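The values are calculated or read from the model by the stated rules, or taken from the named source; none is laboratory data. All values derive from a computational prediction rather than experimental measurement. Cβ coordinates were reconstructed from backbone atoms using ideal geometry, including for glycine residues, and neighbour counts include every protein chain displayed. Accessible surface is based on the protein model in full, side chains and every heavy atom, while ligands, DNA and RNA are left aside. Shrake-Rupley method; radii C 1.70, N 1.55, O 1.52, S 1.80 Å.
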Amino acid sequence: MLARVNWEAACPLLPRWLALPREVRLALLLVGSREEGRLPREHQVALADAGLLRRGSGLHLATGVESLLGLLRTAAVAETYQDPTTAGSLALAGEVVGAHLPAIRTRFAAMGIRWHRDDEVLAAASSGELARLAAEAAVWGWNDLAGINLTLVSHEHLAAHRRSGQAMLSWIVAQPQAPTWEAAVAHCPDPAHLPLVLRWATQCLVLIPQLAVQDGVLRLGQPRAWYAHRNRPAPTRPSPSPGVVGEQAWRLDDLVAVCAALGAKPARINKDWTLGVRDLRALAALLPVADARLVPVLDPELRASEAISVGQRLELLTTDGRQRRLALTAAGRRWLAQPRDERRRLILDRLRAACQGELDLRRYDGQSGGGTYPRHLDARHPEPWRLLRDALRDLGETTWTLAQALPWWSRTLQPHASPADERAVGLLCQQLVLDVAVAYGAVAVGEAPGGGLLLRLTAAGRYVCGLDAAYTPAPDLAPVRPLIVQADHTIAFLAPAPALEAEIGRFAERLPGASGVGVLFRLTREAVQAGAIAGISSEEALRILIDATAKPLPDNVTHELRGWFGGVRRASAALRLVVTCPDEATAARIVEAARPDAERLGPLLVGLPPDRDPLVLARRLAKTGIALAVGLDEDEDEDG
Amino acid sequence: MTRLDNPLIVQGDRTVLVEVDSPRFAEVRPHLARFADLEKMPEHVHTYRLGALSLWNARASGMTTAEILGVLEGFAKFPLPAVIPGWVRDTAGRFGRLELRRAPGGGLLLVAADVGLADELAALPPLAGLLARRLSSTAFHVELEHRGRLKVRLVEAGHPAEDLAGYTPGEPLIITLRDTCAGSGRPFVLRDYQRAAVEAFHCGGGERGGSGVLTLPCGAGKTIVAIAAMAAVGASTLVLVTGVTAARQWIAELRDKTGLTAEQVGEYDGSTKTVAPVTVATYQVLTYRDRAAGGMPHLELFNRRDWGLVVYDEVHLLPAPVFQATAGIQARRRLGLTATLVREDGHERDVFALIGPRKADVAWKALEAEGWIARAVCSEVRLAQPAELRIPYLSAPAKEKHRLAAENPAKLDAVRRLMARHPGAPTLIIGLYVEQVVAIADALGIPHLIGSTAQRERERLYAGFRAGSLTALAVSKVANSSVDLPDASVAIQVSGTFGSRQEEAQRLGRILRPKPGENRAWFYSLVTADTVEQEFALQRQRFLCEQGYEYRIDDWREPCSPA
């Protein structure tokens, strides 16, 4: 709305407008409406005398009055949802300073703020100190300061003034307090055109003249509140908070569970490339139960979808549009066959690369909660992970509460942000920590003694942040063996262990509806062989079970597992051109004639590469006295 | 609140997992067994299932709903799933809201706890014709002959009736238990669990006792418990068993353990039809259908005498016609005996309604620990298929593969080597295919017992086996049930269906009876590796492990096979 106001046109009329009595000013608003006939004659006369109304076949607004009214309506609109004082300030700012949208954008850009929508601009402009300080500009009188001179200047001149203004502004902004008028002017690169430079800077709201009331000294600079915010005391660094934390790379576990399931049996995809509801539910049912403190309240199907999405981006999963199925890739199979720490390392490498700015993090992982980030913040922080990385690195491996850390992080990320922005950045950080850092085990979480979340950087987190050059998984201080493998081939979980669930799900069949605790898996030949095909070895599977089981592995289970793993054979399939011979001698002759590609497939069968042209072969064999029929009619053969 | 030292994990699907190694396992097990059915008992974590019948069994035994929930909540590691307490309250609370009593003027009264329930019953189509008339807002008159059918329908409708209509006393018969066995002269004393089972069934002769099922593992002395129950009832008794051999062994036991004379015990089967104060009849003869006259004439045996007690041996095998006949004798006391209440036909509800609720359930692990049954070690011996049979096997139709694998000639040598491991030990060689059983018997020079073996010859073989003059006997599947071979300590299964849980339980049961010395028994299964037989054996392996037996796999495919 502000953008449509031509302040240049409205401004000369404003003093006249302000000089009119209130009822006359209100009367003007009726012109052009169906109520204009009720406009008292004396008001018409007053308006006409002020040059705001012209007479003709009816009542018409004078040139520029439309713009003036637009400005006023903007103020009126603002007044409907903002407090009158601020709205009034905004109106005044608009009237006096002539703010328009590009100018405000520029102004905010200079403050490190980017906006997406006009309403955000308007809301921001009318909400804080900016409007109040714009009002201060009105007190000084724009005309006096800028020495308004409406003479036409060339584009080159304007550009030069703009550059000069920017240079001067840079210096002003860098000062801890608003400098005096003299000091600011002294830093103007183009003193000869100081009025124009000032006009540009002020009109664009990049520079607000302020009156230091205490000493009567005119200063040029940012709004006072801006300096107050900039010079606010440093936040208190999060202090260590005692408590027990646990880590659970639940998204990694989800990814393993989904990849293992899709490795065993690809899922069908719909024409719109989405997964079928039934398959999605089946995958969701396989996800390990996660600690509710660690995992945000996410629908299991959403978790499965996200795991698939991550798997696709990591190229562990792929959709085959022709066969309409979602399946594990060769890379996914190799990844799945890796030990857990190695699998995790691959994910952490990606996060680390993103933190180093080598990978676009938003493309890598912005799925959960991505839509809930404030848009302007998301845009303003194209590399939030690099900033968050710095915050996490600084926190190190002490244990602190999330609430404690939020303002501190915010300040780290955006030293000059407003309090509202600090809160927003804090929320962004929180989401990134919980959705990504915790989800991949970079941050461990616990329950603070007084409530709330307790955080600590993990070994994985140190690696991601670049504190450690290599990822060294932290050894279990107190190894917990939460499961029991029983002789009937069932695996019972006596306590929740989602990571183990994901591990075991690679080569064991999850029992229907089982998750969390209880008898969750059964070792079956089919599941074991699917795991073996995916690249898991019997020794690895046994190691996982032996490390996690509270009781010795039953002998019969060990025996069967080894047998099932050992029963997997790898065969290869290839297309061959097969020549059937009447006797072994002919077969030998064909092999001789078709060297070096021919090979004996059997006493009477000779195999050739599939790309071998049978007609060429037939001609070649014909020279040795062998007539080769290539599956065509003899006539066609001859024709060919 | 999470209490990880507790033994129970209660799941939303109504299964209850019990950690055997928990320090509170022994404490919770007897309570849990009263209201949950044991499904699996592998070595570390047992699985029980809560079901309507199991809860009603518990209520019938006097357990309250609050006590049931108290056990679940008090012993659970984790808080109960939200659905469980409500379901338990609703289901268990249904028992006792209907009572079947004797009407003062003859017939029966079905009394509902409230008008709403009575109205619901009146509107239920399956009950039409069974409820003669409504006497009041909460009471119905029921004809005597509808007692059994009504109970079945009510159970099906989810409203079990507590049968308090009492029993006809039956023809009095004093049955005294001997202090020493007549045959061996050894002291005869009831074991504690046997005495407790009898008391649970009899309930001092009150209305809440007198009908029910006792679940005891193979080798626990079900026959002894039944005889003691007969003595407690003190009335003429009809005993129904699975076959002639079992019938004769019952009679022998009765003569051995009680003061009953030969005239007081009758045999009623295909060859003999003596009706005495204690009559032992077979299911086969009762369900014999006379094609000429039509119907099953021997079912009339139920009414030939004024029986005070009917005993159903192996109640999980009770044939449908006997169920129907049982529905008409609900005024008589009824005792079911079984090692497992799992019926392959799923008629557990009929057993509950017509025979009665479970009165006792003795864990075999407890018996094994006390030495009342032998400790069985199950071994699967895998043998290679001879090379010359491999191609014929692979190219055989699917239905012939099993037989080709089962009749692996290498099994004969394996049997020899296994028998050499246990020299002199009473050994049963069990097979599915008669030709194979006979061939092995002939090769080893031992007698065989198959379906066509005459009864007299069978008894001679059994007697020799018991006496120790025979140490090895090859049997076909005729030996699956109720063959009492007290001294068998080794069983070698050369072929089997490996699919039936009952068959496995029964075969294993042959060797569970306590043995002198280290009280151990060995159950070997010979399996041809890499064939369908191994697939079937896997099911068997799982089943036996679920039952808690130790299971080993010996691979004898290597040239240097274990000695």
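Interface residues of the range A:535-572, defined as those losing at least 50 Å² of solvent-accessible heavy-atom surface relative to the isolated chain (probe radius 1.4 Å), are listed as A:LYS551, A:ASN556, A:HIS559, A:GLU560. On association of chains B and A, roughly 1900 Å² of accessible area becomes buried (total for both chains; probe 1.4 Å).
Note on A:ARG230 and A:ASN270: with the Förster distance fixed at 51 Å, the Cβ-Cβ geometry gives a FRET efficiency of about 0.40. Straight-line reach from B:LYS399: which lysines have Cα under 30 Å away, leaving out those fewer than 8 places along the same chain? Within the straight-line limit of under 30 Å, B:LYS399 reaches these lysines: A:LYS265, B:LYS411, B:LYS477. Think of each Lys and Arg Cβ as +1 and each Asp and Glu Cβ as -1; about the Cα centre, that makes the dipole of the range B:192-362 roughly 200 debye. Can you give me the Cα centroid spacing of the range B:433-464 and the range A:580-617 in angstrom? Here the answer is 61 Å between Cα centres. The mean of 1/r over all distinct Cα pairs in the range B:98-163, once inverted, gives the Kirkwood hydrodynamic radius of 11.4 Å. What Kirkwood hydrodynamic radius, in Å, does the range A:460-562 give when the mean of 1/r is taken over all pairs of distinct Cα atoms and then inverted? This gives a value of 14.6 Å. Only beta bridges with both residues in the range B:192-362 are counted; by DSSP, about 5 percent of them are antiparallel.
Calculated FRET efficiency, B:ILE174 to B:ARG520, Cβ-Cβ distance, R0 = 45 Å: about 0.65 to the nearest 0.05. Per-residue extension of 0.36 nm, minus the Cα-Cα distance of A:LYS623 and A:GLU599, leaves a gain of 6.7 nm for this segment. Ellipticity at 222 nm from helices only: DSSP H runs of n ≥ 4 in chain B, each -39500 (n - 2.57), divided by the residue count, give -10500 deg cm²/dmol.
Heavy atoms of the protein chains alone define the surface here; on that basis the range B:79-152 has 46 Å² accessible area per residue at 1.4 Å probe size. Cα-based radius of gyration for the range B:192-362, normalised by 2.2 N^0.38 Å, reads 0.96. Buried on complex formation within the range B:38-65 (loss of at least 10 square angstrom of accessible surface versus the isolated chain, 1.4 Å probe, ligands and nucleic acids ignored): B:LYS40, B:PRO42, B:GLU43, B:HIS44, B:VAL45. Here the accessible area is traced with a 1.4 Å probe on the protein chains. For the range B:8-93, carbon and sulfur cover 55 percent of it. Relative to the longest principal axis of the Cα atoms of chain B, the long axis of helix B:192-202 lies at roughly 40 degrees.
Legend: calculated FRET efficiency, B:GLU39 to A:THR398, from the Cβ-Cβ distance at R0 = 60 Å, rounded to 0.05, equals 0.75. Sorted largest first, the spans of the alpha carbon positions of chain B along the three principal axes are 81, 64, 51 Å.
Reported to the nearest whole Å, the Cα centre-to-centre distance from the range A:498-527 to the range B:1-77 is 23. Could you tell me which residue out of B:GLN493, B:GLN455, B:VAL415 lies farthest along the dipole of the range B:371-555 toward its positive end? Charges go on the beta carbon: Lys and Arg +1, Asp and Glu -1, centred on the Cα centre. Ranked along the dipole, the leading option is B:GLN455. In the context of the full set of protein chains, residues of the range B:371-555 present 38 Å² of accessible surface per residue (probe radius 1.4 Å, heavy atoms only). Here the range B:98-163 is assigned +1 on the Cβ of each Lys and Arg and -1 on the Cβ of each Asp and Glu. Its dipole about the Cα centre then comes out at about 220 debye. Beta bridges per DSSP, both residues in chain B: antiparallel share near 30 percent. Interface residues of the range B:522-561, defined as a loss of at least 30 Å² in heavy-atom accessible area between the chain alone and the complex of all protein chains with a 1.4 Å probe, are B:GLU535, B:LEU538, B:GLN541, B:ARG542, B:CYS545, B:ILE553. For the range B:61-68, 3J(HN,Hα) computed residue by residue from phi via the Karplus equation (6.51, -1.76, 1.60; θ = phi - 60°) reads 7, x, 7, 8, 4, 4, 5, 4 Hz, glycine and proline entered as x.
Counting only protein heavy atoms and a probe of 1.4 Å, the accessible surface of the range B:371-555 is 55% carbon and sulfur.
Measuring nothing but how far apart in sequence close Cα pairs (under 8 Å, 6+ apart) lie, relative to its length, the range B:192-362 scores a relative contact order of 32 percent. The relative contact order of the range B:371-555 comes to 38 percent, based on Cα pairs under 8 Å that sit 6 or more residues apart.
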